[in-house]
Amino acid sequence: MFLKKRIWVVLMMHVALVGAMKKDAKIYVAGHTGLVGSALVRRLKNDGYHNIVMRTQSELDLCNQAAVNQFFQKEKPEYVFLAAAKVGGILANSQAPASFLYDNLAIELNVIHAAYQNGVKKLLFLGSSCIYPRNCPQPIKEDYLLSSELEQTNEAYAVAKIAGLKLCEAYNRQYGTRFISVMPTNLYGPHDNFDLNTSHVIPALIRKCIQAQKNGDPKITVWGTGTPYREFLYVDDLADACLFLMNEYDGTALINIGTGKDLTIAQLVHAIKKAVGYKGTIVFDTSKPDGTPRKLLSIEKLRSLGWNASTTLEQGLQQTIAWCQKEALFNEEQ
Ligand code: GFB
(Lines give C-alpha, C1' and ligand atoms only; values in the text may rest on other atoms or scores of the structure.)
Protein backbone atom coordinates (compact mmCIF):
# COMPACT_ATOMS: atom_id res chain seq x y z
CA MET A 1 0.00 0.00 0.00
CA PHE A 2 2.79 2.38 1.09
CA LEU A 3 4.81 1.45 -2.00
CA LYS A 4 1.84 2.13 -4.29
CA LYS A 5 1.38 5.56 -2.69
CA ARG A 6 5.07 6.34 -3.14
CA ILE A 7 4.95 5.38 -6.83
CA TRP A 8 1.88 7.60 -7.24
CA VAL A 9 3.60 10.56 -5.53
CA VAL A 10 6.74 10.17 -7.66
CA LEU A 11 4.56 9.95 -10.77
CA MET A 12 2.62 13.09 -9.84
CA MET A 13 5.87 14.96 -9.07
CA HIS A 14 7.18 13.98 -12.48
CA VAL A 15 4.02 15.20 -14.23
CA ALA A 16 4.12 18.47 -12.26
CA LEU A 17 7.76 18.99 -13.20
CA VAL A 18 7.25 18.19 -16.87
CA GLY A 19 3.99 20.14 -17.00
CA ALA A 20 2.10 18.81 -20.02
CA MET A 21 -0.01 21.44 -21.81
CA LYS A 22 -3.66 21.47 -20.77
CA LYS A 23 -6.19 21.18 -23.61
CA ASP A 24 -7.35 24.76 -23.03
CA ALA A 25 -3.82 26.19 -22.74
CA LYS A 26 -3.21 29.24 -24.90
CA ILE A 27 -0.72 28.12 -27.55
CA TYR A 28 0.87 30.45 -30.10
CA VAL A 29 2.04 28.74 -33.28
CA ALA A 30 4.33 31.23 -35.03
CA GLY A 31 4.43 30.43 -38.76
CA HIS A 32 1.15 28.49 -38.93
CA THR A 33 0.79 28.80 -42.73
CA GLY A 34 4.12 27.11 -43.46
CA LEU A 35 5.10 23.45 -43.79
CA VAL A 36 5.94 22.97 -40.10
CA GLY A 37 3.44 25.39 -38.53
CA SER A 38 0.49 23.98 -40.46
CA ALA A 39 1.43 20.43 -39.39
CA LEU A 40 1.65 21.58 -35.76
CA VAL A 41 -1.80 23.20 -35.91
CA ARG A 42 -3.30 20.09 -37.57
CA ARG A 43 -1.87 17.92 -34.84
CA LEU A 44 -2.79 20.23 -31.94
CA LYS A 45 -6.39 20.45 -33.16
CA ASN A 46 -6.59 16.67 -33.63
CA ASP A 47 -5.40 16.21 -30.07
CA GLY A 48 -8.12 18.51 -28.71
CA TYR A 49 -6.14 21.70 -28.09
CA HIS A 50 -8.65 24.44 -28.78
CA ASN A 51 -7.05 27.71 -27.73
CA ILE A 52 -4.52 28.16 -30.53
CA VAL A 53 -3.38 31.66 -31.44
CA MET A 54 -2.29 32.29 -35.04
CA ARG A 55 -1.37 35.36 -37.09
CA THR A 56 -0.56 35.52 -40.78
CA GLN A 57 2.51 37.46 -41.91
CA SER A 58 0.35 40.37 -43.05
CA GLU A 59 -1.41 40.50 -39.66
CA LEU A 60 1.84 40.36 -37.68
CA ASP A 61 5.31 41.02 -39.08
CA LEU A 62 7.59 39.05 -36.77
CA CYS A 63 10.57 41.16 -37.88
CA ASN A 64 8.86 44.20 -36.30
CA GLN A 65 9.81 44.32 -32.64
CA ALA A 66 7.10 46.78 -31.54
CA ALA A 67 4.38 44.74 -33.25
CA VAL A 68 5.63 41.50 -31.68
CA ASN A 69 5.74 43.09 -28.20
CA GLN A 70 2.22 44.42 -28.59
CA PHE A 71 0.96 41.02 -29.75
CA PHE A 72 2.51 39.19 -26.77
CA GLN A 73 1.23 41.78 -24.28
CA LYS A 74 -2.30 41.46 -25.64
CA GLU A 75 -2.46 37.68 -26.18
CA LYS A 76 -0.22 36.44 -23.33
CA PRO A 77 0.30 32.94 -24.79
CA GLU A 78 1.31 30.24 -22.31
CA TYR A 79 3.20 28.12 -24.85
CA VAL A 80 4.98 29.05 -28.08
CA PHE A 81 6.03 26.91 -31.03
CA LEU A 82 8.51 29.09 -32.95
CA ALA A 83 8.10 27.62 -36.46
CA ALA A 84 8.24 30.95 -38.31
CA ALA A 85 11.37 31.37 -40.39
CA LYS A 86 12.64 32.41 -43.77
CA VAL A 87 13.47 29.05 -45.35
CA GLY A 88 14.46 27.81 -48.77
CA GLY A 89 16.41 25.23 -50.71
CA ILE A 90 20.07 25.21 -51.62
CA LEU A 91 19.80 27.82 -54.41
CA ALA A 92 17.65 30.33 -52.49
CA ASN A 93 20.03 30.05 -49.53
CA SER A 94 23.13 30.70 -51.62
CA GLN A 95 21.53 33.59 -53.55
CA ALA A 96 19.97 35.56 -50.67
CA PRO A 97 22.26 35.17 -47.62
CA ALA A 98 21.47 38.63 -46.25
CA SER A 99 17.72 37.97 -46.17
CA PHE A 100 18.16 34.54 -44.59
CA LEU A 101 20.41 36.00 -41.89
CA TYR A 102 18.47 39.21 -41.21
CA ASP A 103 14.92 37.83 -41.21
CA ASN A 104 15.72 34.82 -39.09
CA LEU A 105 17.76 36.77 -36.54
CA ALA A 106 15.01 39.39 -36.26
CA ILE A 107 12.23 36.80 -35.80
CA GLU A 108 14.24 34.95 -33.13
CA LEU A 109 15.25 38.09 -31.21
CA ASN A 110 11.73 39.49 -31.19
CA VAL A 111 9.80 36.33 -30.37
CA ILE A 112 12.22 34.84 -27.82
CA HIS A 113 12.62 38.13 -25.94
CA ALA A 114 8.86 38.82 -25.93
CA ALA A 115 8.22 35.26 -24.71
CA TYR A 116 10.57 35.88 -21.78
CA GLN A 117 9.09 39.29 -20.98
CA ASN A 118 5.54 37.98 -21.04
CA GLY A 119 6.11 34.89 -18.90
CA VAL A 120 5.67 32.16 -21.53
CA LYS A 121 5.78 28.81 -19.68
CA LYS A 122 7.58 26.92 -22.42
CA LEU A 123 8.83 27.74 -25.92
CA LEU A 124 9.97 25.29 -28.57
CA PHE A 125 12.40 26.73 -31.13
CA LEU A 126 12.82 24.96 -34.47
CA GLY A 127 16.29 24.95 -35.96
CA SER A 128 17.71 22.85 -38.76
CA SER A 129 20.30 20.11 -39.29
CA CYS A 130 22.41 22.55 -41.34
CA ILE A 131 23.62 24.15 -38.08
CA TYR A 132 26.19 21.35 -37.79
CA PRO A 133 29.64 21.55 -39.40
CA ARG A 134 29.92 20.47 -43.03
CA ASN A 135 32.41 17.69 -42.40
CA CYS A 136 31.52 16.32 -39.02
CA PRO A 137 31.39 12.58 -38.18
CA GLN A 138 28.14 10.79 -39.05
CA PRO A 139 25.61 10.33 -37.59
CA ILE A 140 25.76 13.87 -36.19
CA LYS A 141 25.46 14.11 -32.42
CA GLU A 142 24.13 17.24 -30.74
CA ASP A 143 27.51 18.00 -29.18
CA TYR A 144 29.23 18.35 -32.59
CA LEU A 145 27.75 21.85 -32.77
CA LEU A 146 30.40 24.53 -33.45
CA SER A 147 33.20 21.96 -33.72
CA SER A 148 34.33 23.11 -37.21
CA GLU A 149 33.31 25.09 -40.33
CA LEU A 150 29.80 25.29 -41.72
CA GLU A 151 28.60 24.39 -45.24
CA GLN A 152 29.02 27.49 -47.47
CA THR A 153 25.71 27.26 -49.38
CA ASN A 154 23.64 27.82 -46.22
CA GLU A 155 26.07 29.44 -43.82
CA ALA A 156 23.91 32.56 -43.28
CA TYR A 157 20.80 30.52 -42.41
CA ALA A 158 22.83 28.21 -40.16
CA VAL A 159 24.42 31.14 -38.27
CA ALA A 160 20.94 32.60 -37.64
CA LYS A 161 19.63 29.24 -36.38
CA ILE A 162 22.69 28.79 -34.13
CA ALA A 163 22.01 32.27 -32.73
CA GLY A 164 18.41 31.22 -32.04
CA LEU A 165 19.37 28.15 -30.08
CA LYS A 166 22.06 30.08 -28.19
CA LEU A 167 19.46 32.73 -27.31
CA CYS A 168 17.26 30.01 -25.84
CA GLU A 169 20.21 28.64 -23.83
CA ALA A 170 21.21 32.11 -22.62
CA TYR A 171 17.69 33.06 -21.52
CA ASN A 172 17.33 29.73 -19.72
CA ARG A 173 20.62 30.31 -17.90
CA GLN A 174 20.12 33.96 -17.04
CA TYR A 175 16.35 34.12 -16.51
CA GLY A 176 15.34 30.53 -15.71
CA THR A 177 13.04 30.24 -18.74
CA ARG A 178 12.12 26.86 -20.30
CA PHE A 179 12.98 27.38 -23.96
CA ILE A 180 13.94 24.20 -25.81
CA SER A 181 15.57 23.89 -29.22
CA VAL A 182 14.99 21.05 -31.64
CA MET A 183 17.00 20.40 -34.81
CA PRO A 184 14.97 18.58 -37.45
CA THR A 185 16.53 16.94 -40.46
CA ASN A 186 15.28 17.87 -44.00
CA LEU A 187 11.48 18.00 -43.93
CA TYR A 188 8.75 17.47 -46.52
CA GLY A 189 4.98 17.10 -46.72
CA PRO A 190 1.74 19.01 -47.41
CA HIS A 191 1.92 22.83 -47.52
CA ASP A 192 5.57 22.77 -48.60
CA ASN A 193 6.95 25.37 -51.03
CA PHE A 194 6.78 23.91 -54.57
CA ASP A 195 8.45 26.84 -56.38
CA LEU A 196 11.24 25.33 -58.48
CA ASN A 197 13.70 28.14 -57.76
CA THR A 198 13.29 28.41 -54.01
CA SER A 199 12.06 24.98 -52.84
CA HIS A 200 13.87 22.06 -51.28
CA VAL A 201 14.63 18.94 -53.27
CA ILE A 202 11.52 16.79 -52.56
CA PRO A 203 8.86 19.33 -53.59
CA ALA A 204 10.97 20.31 -56.61
CA LEU A 205 11.31 16.71 -57.82
CA ILE A 206 7.64 15.90 -57.19
CA ARG A 207 6.67 18.88 -59.29
CA LYS A 208 9.17 18.07 -62.05
CA CYS A 209 7.95 14.45 -62.29
CA ILE A 210 4.24 15.36 -62.26
CA GLN A 211 4.71 18.06 -64.90
CA ALA A 212 6.92 15.89 -67.12
CA GLN A 213 4.41 13.04 -66.91
CA LYS A 214 1.52 15.33 -67.85
CA ASN A 215 3.41 16.90 -70.74
CA GLY A 216 4.92 13.63 -71.97
CA ASP A 217 8.48 14.96 -71.47
CA PRO A 218 11.07 12.17 -71.86
CA LYS A 219 13.45 13.51 -69.16
CA ILE A 220 13.71 15.64 -66.02
CA THR A 221 16.70 17.63 -64.81
CA VAL A 222 18.06 17.08 -61.32
CA TRP A 223 20.54 19.50 -59.74
CA GLY A 224 24.07 18.46 -58.77
CA THR A 225 25.68 15.04 -59.11
CA GLY A 226 23.04 12.98 -57.31
CA THR A 227 25.70 11.67 -54.89
CA PRO A 228 24.97 13.71 -51.72
CA TYR A 229 23.14 11.86 -48.97
CA ARG A 230 20.10 13.35 -47.26
CA GLU A 231 17.77 12.23 -44.48
CA PHE A 232 14.07 13.14 -44.84
CA LEU A 233 11.38 13.37 -42.17
CA TYR A 234 7.66 13.59 -42.94
CA VAL A 235 6.34 16.78 -41.37
CA ASP A 236 3.51 15.09 -39.43
CA ASP A 237 6.15 12.99 -37.67
CA LEU A 238 7.99 16.21 -36.81
CA ALA A 239 4.78 17.66 -35.34
CA ASP A 240 4.35 14.48 -33.30
CA ALA A 241 7.93 14.80 -31.97
CA CYS A 242 7.46 18.50 -31.14
CA LEU A 243 4.30 17.83 -29.10
CA PHE A 244 5.99 14.92 -27.40
CA LEU A 245 8.93 17.13 -26.39
CA MET A 246 6.75 20.09 -25.39
CA ASN A 247 4.73 17.82 -23.10
CA GLU A 248 7.28 15.35 -21.83
CA TYR A 249 10.81 16.74 -22.09
CA ASP A 250 11.84 18.69 -19.09
CA GLY A 251 15.47 19.26 -20.04
CA THR A 252 16.65 22.22 -22.04
CA ALA A 253 19.52 20.70 -24.04
CA LEU A 254 19.33 20.69 -27.83
CA ILE A 255 17.63 17.65 -29.42
CA ASN A 256 17.91 16.26 -32.96
CA ILE A 257 14.79 14.99 -34.74
CA GLY A 258 15.19 12.57 -37.63
CA THR A 259 14.55 9.05 -38.88
CA GLY A 260 18.06 7.62 -38.52
CA LYS A 261 18.14 6.68 -42.24
CA ASP A 262 19.42 8.52 -45.31
CA LEU A 263 19.74 7.91 -49.05
CA THR A 264 21.46 9.54 -52.04
CA ILE A 265 19.70 12.16 -54.16
CA ALA A 266 19.87 9.70 -57.09
CA GLN A 267 18.03 7.09 -54.97
CA LEU A 268 15.52 9.74 -53.92
CA VAL A 269 14.77 10.61 -57.57
CA HIS A 270 13.95 6.94 -58.23
CA ALA A 271 11.65 6.81 -55.21
CA ILE A 272 9.82 9.96 -56.39
CA LYS A 273 9.60 8.74 -60.00
CA LYS A 274 8.08 5.48 -58.72
CA ALA A 275 5.60 7.26 -56.42
CA VAL A 276 4.45 9.56 -59.25
CA GLY A 277 4.56 6.79 -61.88
CA TYR A 278 6.87 8.77 -64.19
CA LYS A 279 8.94 6.59 -66.56
CA GLY A 280 11.29 9.15 -68.18
CA THR A 281 15.07 9.47 -67.73
CA ILE A 282 17.14 11.71 -65.44
CA VAL A 283 19.73 14.29 -66.43
CA PHE A 284 22.07 15.62 -63.73
CA ASP A 285 22.90 19.33 -64.03
CA THR A 286 26.32 19.47 -62.40
CA SER A 287 26.53 23.24 -62.77
CA LYS A 288 24.17 23.37 -59.76
CA PRO A 289 25.61 22.91 -56.24
CA ASP A 290 25.56 19.62 -54.31
CA GLY A 291 25.80 21.27 -50.91
CA THR A 292 26.97 19.28 -47.93
CA PRO A 293 27.96 15.66 -48.81
CA ARG A 294 26.01 14.09 -45.94
CA LYS A 295 24.06 15.16 -42.84
CA LEU A 296 22.58 12.17 -41.09
CA LEU A 297 21.45 13.10 -37.59
CA SER A 298 22.13 10.96 -34.54
CA ILE A 299 18.72 10.37 -32.95
CA GLU A 300 20.00 8.45 -29.92
CA LYS A 301 18.89 11.13 -27.51
CA LEU A 302 15.32 11.34 -28.82
CA ARG A 303 15.07 7.53 -28.97
CA SER A 304 16.21 7.27 -25.38
CA LEU A 305 13.27 9.52 -24.43
CA GLY A 306 10.93 7.06 -26.19
CA TRP A 307 10.18 8.69 -29.56
CA ASN A 308 10.53 7.20 -33.06
CA ALA A 309 9.34 8.36 -36.50
CA SER A 310 6.48 6.28 -37.87
CA THR A 311 6.10 7.31 -41.55
CA THR A 312 8.30 5.62 -44.17
CA LEU A 313 9.66 7.70 -47.06
CA GLU A 314 7.38 5.81 -49.48
CA GLN A 315 4.29 6.57 -47.37
CA GLY A 316 5.27 10.21 -46.88
CA LEU A 317 5.88 10.71 -50.61
CA GLN A 318 2.51 9.13 -51.45
CA GLN A 319 0.73 11.38 -48.94
CA THR A 320 2.49 14.50 -50.23
CA ILE A 321 1.69 13.65 -53.87
CA ALA A 322 -1.95 12.93 -52.94
CA TRP A 323 -2.11 16.35 -51.26
CA CYS A 324 -0.70 18.07 -54.38
CA GLN A 325 -3.35 16.33 -56.46
CA LYS A 326 -6.16 17.22 -54.04
CA GLU A 327 -5.06 20.86 -54.10
CA ALA A 328 -4.75 20.70 -57.91
CA LEU A 329 -1.36 22.40 -57.52
CA PHE A 330 0.05 21.96 -61.00
CA ASN A 331 -3.15 21.74 -63.04
CA GLU A 332 -2.72 24.97 -64.97
CA GLU A 333 0.79 24.16 -66.19
CA GLN A 334 2.02 22.97 -69.53
O1 GFB B 1 16.78 20.26 -50.48
P2 GFB B 1 17.97 21.08 -50.87
O3 GFB B 1 17.71 22.33 -51.63
O4 GFB B 1 18.73 21.48 -49.57
O5 GFB B 1 18.94 20.19 -51.75
P6 GFB B 1 20.05 21.09 -48.73
C7 GFB B 1 19.33 18.89 -51.39
C8 GFB B 1 20.13 18.25 -52.50
O9 GFB B 1 19.24 17.98 -53.59
C10 GFB B 1 21.26 19.09 -53.07
C11 GFB B 1 19.82 18.42 -54.81
O12 GFB B 1 22.37 18.27 -53.32
C13 GFB B 1 20.68 19.62 -54.38
O14 GFB B 1 21.65 19.91 -55.35
N15 GFB B 1 18.78 18.70 -55.80
C16 GFB B 1 18.58 18.02 -56.95
C17 GFB B 1 17.86 19.69 -55.77
N18 GFB B 1 17.61 18.55 -57.69
C19 GFB B 1 17.12 19.60 -56.98
C20 GFB B 1 16.09 20.54 -57.23
O21 GFB B 1 15.42 20.53 -58.24
N22 GFB B 1 15.87 21.47 -56.24
C23 GFB B 1 16.60 21.50 -55.09
N24 GFB B 1 16.31 22.43 -54.16
N25 GFB B 1 17.62 20.63 -54.85
C26 GFB B 1 19.12 23.02 -47.35
C27 GFB B 1 19.66 24.30 -46.80
O28 GFB B 1 20.20 22.35 -47.86
O29 GFB B 1 18.54 22.21 -46.37
C30 GFB B 1 18.75 24.95 -45.86
O31 GFB B 1 20.03 25.14 -47.87
C32 GFB B 1 18.05 24.00 -44.92
O33 GFB B 1 19.48 25.87 -45.15
C34 GFB B 1 17.56 22.76 -45.59
O35 GFB B 1 18.88 23.64 -43.88
C36 GFB B 1 17.01 21.73 -44.64
O37 GFB B 1 19.79 19.87 -47.92
O38 GFB B 1 21.27 21.02 -49.57
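The values are calculated or read from the model by the stated rules, or taken from the named source; none is laboratory data. Just so it is clear, the model here is predicted, and its values are computed rather than measured. Neighbour counts run over all protein chains shown; Cβ positions are idealised from the backbone, glycine included. Just so you know, the surface numbers come from the protein's heavy atoms only, side chains and all, with ligands and any DNA or RNA stripped out. Shrake-Rupley method; radii C 1.70, N 1.55, O 1.52, S 1.80 Å.
Below are the figures for this structure:
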{"read-out": "Lys, Arg +1 and Asp, Glu -1 on Cβ, resulting dipole of the chain about Cα centre, debye, nearest 20", "value": "880 debye"}
{"read-out": "Segment 82-183: C-alpha gyration tensor shape, a/c 1.5 cut-off, then a/b vs b/c", "value": "oblate"}
{"read-out": "Accessible heavy-atom area order of Trp223, Trp307, highest first, probe of 1.4 Å", "value": "Trp223, Trp307"}
{"read-out": "Solvent exposure ordering (accessible area, 1.4 Å, most first) of Arg207, Arg303", "value": "Arg303, Arg207"}
{"read-out": "Set of aspartates and glutamates with alpha-carbon distance to Lys273 below 12 Å, sequence-local pairs under 8 removed", "value": "Glu314"}
{"read-out": "Convex hull of segment 197-334 built on C-alpha atoms - directionally averaged projected area, nm²", "value": "9.4 nm²"}
{"read-out": "Under 9 Å, Cβ to Cβ, from Gly316 - net charge with Lys/Arg +1 and Asp/Glu -1", "value": "-3"}
{"read-out": "Cα-Cα pairs of segment 130-271 separated by more than 23 Å (percent)", "value": "45 percent"}
{"read-out": "Column: log10 I(q)/I(0), Debye, Cα scatterers of segment 130-196, q = 0.12, 0.19, 0.22, 0.27 Å⁻¹", "value": "-0.41, -0.88, -1.03, -1.19"}
{"read-out": "Rg/Rh for segment 225-289, where both radii come from Cα atoms and Rh is the Kirkwood radius", "value": "1.14"}
{"read-out": "Three-way shape call for segment 16-81 based on the alpha-carbon gyration tensor, with the a/c threshold at 1.5", "value": "oblate"}
{"read-out": "Virtual spin-label span in nm between Thr227 and Glu314, 7 Å along Cα→Cβ", "value": "2.9 nm"}
{"read-out": "Kirkwood hydrodynamic radius (C-alpha pairs) into Stokes-Einstein, segment 258-334, 10 °C and 1.306 mPa s, D in µm²/s", "value": "103 µm²/s"}
{"read-out": "Calculated P(r) tail over 27 Å for the chain, as whole % of Cα pairs", "value": "46 percent"}
{"read-out": "Listed residues Asn247, Asn331, Asn135: farthest to the positive end of the dipole of the chain (Cβ charges)", "value": "Asn247"}
{"read-out": "Per-pair calculated FRET efficiency, R0 = 51 Å: Asn197 and Ala253 via Cβ, rounded to 0.05", "value": "0.90"}
{"read-out": "Which listed pairs, of Lys219/Lys295; Lys26/Lys141; Lys214/Lys279, have C-alpha distances above 23 Å, in listed order", "value": "Lys219/Lys295; Lys26/Lys141"}
{"read-out": "Rounded accessible area per residue of the chain, 1.4 Å, Å²", "value": "48 Å²"}
{"read-out": "Segment 179-241 - Kirkwood radius from inverse mean 1/r over Cα pairs (Å)", "value": "13.6 Å"}
{"read-out": "Local net charge near Gly226, Cβ-Cβ under 15 Å (Lys/Arg +1, Asp/Glu -1)", "value": "+3"}
{"read-out": "MRE, 222 nm, helices only [DSSP H, n ≥ 4, -39500 (n - 2.57), over the chain, to nearest 500]", "value": "-14500 deg cm²/dmol"}
{"read-out": "Of all accessible heavy-atom area on segment 37-195, the percent that carbon and sulfur account for (1.4 Å)", "value": "48 percent"}
